[in-house]
Amino acid sequence: MTAGSASMAAVAGNRADLSAARPLFFREQAQVLSNATLAAGLHELRLESPRIASAAAPGQFVNVLVAEGWDPLLRRPMSIAGTGPGVITLIYKIIGRGTAAMSTWQPGDRADLLGPLGRGWEVPADGFPVLLGGGVGIAPILYLRQHLAAAGRTHHLIMGARTIGEHFLGHEPEAGITLTSDDGSVGIGGTILDGLAHFRESLNPSGGPLSLFGCGPPAMLAGLQRLATREDVPCQLALEQTMACGFGFCQGCSVAMRPRPEPAAHSYRSRYKLACIDGPVFRAGELL
Amino acid sequence: MDVSLRTSLGSKLVLAAPVMTASGTFGYGDDAPAAVDLGALGAVVTKSITRHPREGHPPPRISETPSGLLNAIGLANIGVDEFCRERLPALAHIGSVVIVSIAGSSMDEYAEVLSIIEAHDPDIGGYEINVSCPNVAEGGMEFGVDCAMTESLTRRLRDLTGRFLMVKLSPNVTDIGDIARSAEGGGADALSAINTVVGMDIDPASGRPSLHTVLGGLSGPAIRPIALACVYKVARAVQIPVVGLGGISDADDVIRFLQAGAAAVQIGTANYRDPAIAVQIIAALRERLAGMGLAAPSDLPGVAA
Ligand SMILES: Cc1cc2nc3c(=O)[nH]c(=O)nc-3n(C[C@H](O)[C@H](O)[C@H](O)COP(=O)(O)OP(=O)(O)OC[C@H]3O[C@@H](n4cnc5c(N)ncnc54)[C@H](O)[C@@H]3O)c2cc1C
Ligand SMILES: Cc1cc2nc3c(=O)[nH]c(=O)nc-3n(C[C@H](O)[C@H](O)[C@H](O)COP(=O)(O)O)c2cc1C
């Protein structure tokens with residue numbers, strides 16, 4: 001395993017001529033620093049992964065090996081939820097075998113990662129950033145928030161969950177954090193879209209231009225997309241399409257795009273883009 | 001002992017190692033991650049190229065099964081014009097032999113794609129013909145499931161190129177040995193086997209198939225025994241070299257295929273775990289052969305009776 005990462009590093013250094021045009025990501029054996037419950041159903045995994053940490057940008061992901069053998073076969077894509085010096089953080093939800101295996105990792109264990117992968121968020125110069133994370137979709141949103149905070153850019157975070165136990169932040173609208181809960185147990189009762197409506201009425205009454213960034217379950221993304229289209233608000237969405245490789249080779253993670261007015265008779269990656277290399281972040285307006 | 005991995009596939013193609021990357025699992029050759037030492041590979045087989053660009057199938061296109069991957073990509077690719085314009089010039093410099101995979105929905109389409117590439121007099125190792133494509137004129141029957149279609153397609157392409165020409169066989173046939181003989185009769189220089197095995201999965205909760213197209217192609221370690229049996233049968237049916245693939249994930253798997261009669265192998269789905277895995281497998285193969293006291297892969301004994 002370590003042989004793999006060593007050979008990759010050596011070659012990356014030797015081939016400056018070609019690597020300029022070839023994708024640059026790493027296979028890294030990351031050491032687990034901590035792996036703890038963050039809230040009901042959410043776990044936070046901190047990994048020492050210096051090469052990935054120094055190359056990563058908000059919205060990018062890593063592809064995590066969850067089995068020593070060949071079953072399960074594929075790596076599990078996980079958004080980077082934040083970085084520190086030499087460290088990356090992942091936030092995951094246990095939904096199956098791979099994530100269950102991740103939850104058994106102890107400090108000192110090694111995690112085999114590929115990354116950083118994908119095209120992340122673009123932060124436009126104008127528009128007040130409103131960051132929306134539903135459930136485990138909070139992961140790429142927190143990394144973007146870290147980036148905005150470091151750049152001194154004011155913003156507002158809205159995190160949605162079903163109930164108070166699934167939250168790990170405090171509801172502090174004046175400090176830039178709004179929580180929503182389906183059952184009304186904390187923050188604004190309702191969905192994340194209700195949280196956004198509340199923000200616009202009570203915290204952004206002047207109606208200054210916004211720039212939306214969202215990640216979460218399909219229903220939330222669909223709602224955000226409708227709103228962004230209807231009101232012509234710039235909006236980027238991070239998708240979690242199932243993928244096999246994460247770097248464009250398998251062509252498996254197709255995402256349907258809104259048809260062009262005059263589509264070409266034959267095209268490639270126009271009607272269907274790939275979540276791994278064209279995304280996972282897309283502009284809401286380009287998605288079908 | 002010094003191990004030499006140099007491998008000839010007939011008189012037209014010599015490989016630095018008997019291990020290539022398989023079509024559809026490693027891009028076009030010039031887009032491999034910077035960290036992969038392409039120079040160590042025997043060859044890179046490109047994604048299958050068609051006459052026009054293709055979008056491929058709607059999602060979902062892939063789903064995981066026990067030790068396997070089901071896919072229905074739908075031959076999404078850039079098309080031969082962009083391939084020749086944007087990729088072909090760079091392929092001479094990637095450090096590895098490139099074999100261009102060709103697909104089509106009619107005999108004319110295969111012939112046109114190959115002729116367009118030939119017109120560039122490219123610096124490539126040759127062609128692999130993906131015959132697991134529906135022949136639209138024959139009601140959608142795949143070229144590779146019919147002996148006559150396989151033979152006439154091979155002969156048509158044989159007449160268009162003097163370069164190394166390899167036909168990639170489908171396992172989804174009654175007798176793969178018969179199809180192999182037809183491709184050999186049509187003038188193929190080598191055969192590769194196997195393409196994916198037809199498969200399907202269903203989400204029991206919703207009753208929905210896991211792929212948009214319902215049926216897909218199974219790959220990965222789950223198909224290795226099927227692939228090995230196919231290679232064994234093909235190698236006994238023909239005189240030309242056989243390139244084995246299907247579920248290969250380490251050096252021991254490579255040795256299994258060589259012992260079953262393959263002259264070389266390809267690595268497919270395993271690349272998705274690590275795009276440098278073929279390079280690592282070649283290094284491990286060299287060590288394994290040295291450990292066995294063998295000077296070359298061809299010194300491996302055949303399958304024991
Ligand atoms: C770019 C990207 C970023 C991601 N970021 C995160 C993250 O930060 N945190 C996180 O917890 N998860 C994230 N995911 C989703 C994560 O990859 C899946 O939850 C994980 O692969 C599940 O693996 P498993 O073995 O536990 O479940 P499996 O056993 O593979 O699946 C269990 C069940 O969940 C379904 N399922 C599997 N994957 C998905 C999916 N992507 N979307 C919806 N249903 C699915 C399966 O069909 C199955 O029914 C991300 C996915 C992508 C593509
Ligand atoms: C996602 C995917 C795409 C593929 N695309 C092609 C293709 O374009 N042309 C082709 O001849 N084979 C294609 N294949 C088949 C592989 O080249 C190979 O024959 C098959 O997967 C079995 O080998 P493996 O188990 O090592 O993957 C594809 C396989 C997968 C998994």
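The values are calculated or read from the model by the stated rules, or taken from the named source; none is laboratory data. Treat the numbers as computed from the prediction; the structure is a model and nothing was measured. Note that each Cβ is placed from the backbone with ideal geometry, even for glycine, and that neighbours are counted across all protein chains shown. All accessible areas refer to the heavy atoms of the entire protein, side chains included, with ligands and DNA or RNA removed. Shrake-Rupley method; radii C 1.70, N 1.55, O 1.52, S 1.80 Å.
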* To do: Measure up B:Lys47/B:Lys168; A:Lys273/B:Lys47; A:Lys93/A:Lys273; B:Lys168/B:Lys233 against 22 Å on the Cα-Cα distance and list the ones that go over.
  => A:Lys93/A:Lys273
* To do: Provide the percentage of antiparallel DSSP beta bridges, counting only those with both residues in the protein assembly as shown; round to the nearest 5.
  => 50 percent
* **Heavy-atom accessible area, 1.4 Å probe, ligands and nucleic acids excluded: residues of region A:255-287 down by at least 20 Å² from chain alone** => A:His266, A:Ser267, A:Tyr268, A:Tyr272
* To do: Collect residues whose amide H, placed 1.01 Å from N in the peptide plane, falls under 5 Å from the amide H of A:Ser211; neighbours closer than 5 in sequence don't count.
  => A:Phe128, A:Val130
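How large is the accessible surface per residue of chain A, computed with a 1.4 Å probe and reported in Å² as a whole number? Please report the intermediate quantities before stating the final value.
Numbers: 12160 Å² over 288 residues.
Result: 42 Å² per residue.
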* Asked: Residues of region A:62-79 with accessible area at least 40 Å² lower in the all-protein-chain context than alone (1.4 Å probe)?
  -> A:Trp70, A:Asp71, A:Leu73, A:Leu74
* **Förster radius 41 Å - calculated FRET efficiency between A:Ser54 and B:Glu287, Cβ distance, rounded to 0.05** => 0.80
* Part-to-part distance (alpha-carbon centres) for region A:234-262 and region A:186-217, which is given in Å -> 26 Å
* How large is ³J(HN,Hα) for each residue in region B:76-92, as worked out from phi by the Karplus curve 6.51 cos²θ - 1.76 cosθ + 1.60 (θ = phi - 60°), to whole Hz, x for Gly and Pro? -> 4, 7, 7, x, 5, 5, 5, 4, 5, 6, 9, 10, 3, x, 6, 5, 5
* Tell me, what HN-Hα J-couplings in whole Hz come from the Karplus equation 6.51 cos²θ - 1.76 cosθ + 1.60 at θ = phi - 60° for each residue of region A:252-259, using x for Gly and Pro? -> x, 8, 5, 10, 6, 9, 4, x
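Once you list every other residue whose beta carbon is under 10 Å from the beta carbon of B:Ile73, what net charge do they have if Lys and Arg are +1 and Asp and Glu are -1? Show your work: numbers first, answer last.
Numbers: positive: B:Lys47, B:Arg54, B:Arg61; negative: none.
Summing Lys and Arg as +1 and Asp and Glu as -1 gives +3.
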* Using a 1.4 Å probe on the protein chains only, how many percent of the accessible area of the protein assembly as shown belongs to carbon and sulfur? -> 52 percent
* For chain A, which longest stretch is free of loop sites, where a loop site is one of the GluC sites (Glu not before Pro) that DSSP puts outside H, G, I, E and B and that has at most 15 other Cβ atoms within 10 Å? -> A:123-288
* Over chain B, what is the percentage of antiparallel beta bridges among all DSSP beta bridges, to the nearest 5? -> 40 percent
* Structure fact -> Classified through the alpha carbon gyration tensor (a ≥ b ≥ c as square roots of its eigenvalues; rounded if a/c is under 1.5, else prolate when a/b is larger than b/c, else oblate), chain A comes out oblate
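For region B:54-175, what class follows from the C-alpha gyration tensor (a ≥ b ≥ c being the square roots of its eigenvalues): rounded when a/c is under 1.5, otherwise prolate if a/b is larger than b/c, else oblate? Can you show the working numbers first?
Numbers: a/c = 1.71, a/b = 1.20, b/c = 1.42.
Because a/c hits 1.5 or more and a/b fails to exceed b/c, region B:54-175 counts as oblate.
If a/c stays under 1.5 just call it rounded; otherwise compare a/b with b/c (prolate if a/b is bigger, oblate if not). Do that for region B:7-299, with a ≥ b ≥ c from the square roots of the Cα gyration tensor eigenvalues.
Since a/c stays below 1.5, the shape of region B:7-299 is classed as rounded.
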* Structure fact -> Residues from region B:1-35 losing no less than 40 square angstrom of accessible surface in the full protein assembly compared with the chain alone, 1.4 angstrom probe, ligands and nucleic acids excluded, are B:Pro33, B:Ala34, B:Ala35
* Structure fact -> Phi-derived 3J(HN,Hα) across region A:230-235 with the Karplus relation (6.51, -1.76, 1.60, θ = phi - 60°), rounded Hz, x for Gly and Pro, is 4, 9, 6, 9, x, 8
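Taking the solvent-accessible surface of protein heavy atoms with a 1.4 Å probe, what is the per residue accessible area of region B:230-305 in Å²?
Using a 1.4 Å probe on heavy atoms only, each residue of region B:230-305 averages 36 Å².
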* In Å², rounded to the nearest 100, what is the total accessible surface buried by chains A and B against each other with a 1.4 Å probe? -> 3900 Å²
* Asked: Amide H neighbours of A:Ala111 under 5 Å, counting only residues 5+ apart in sequence or on other chains, H built in-plane at 1.01 Å?
  -> A:Ala30, A:Gln31, A:Val32
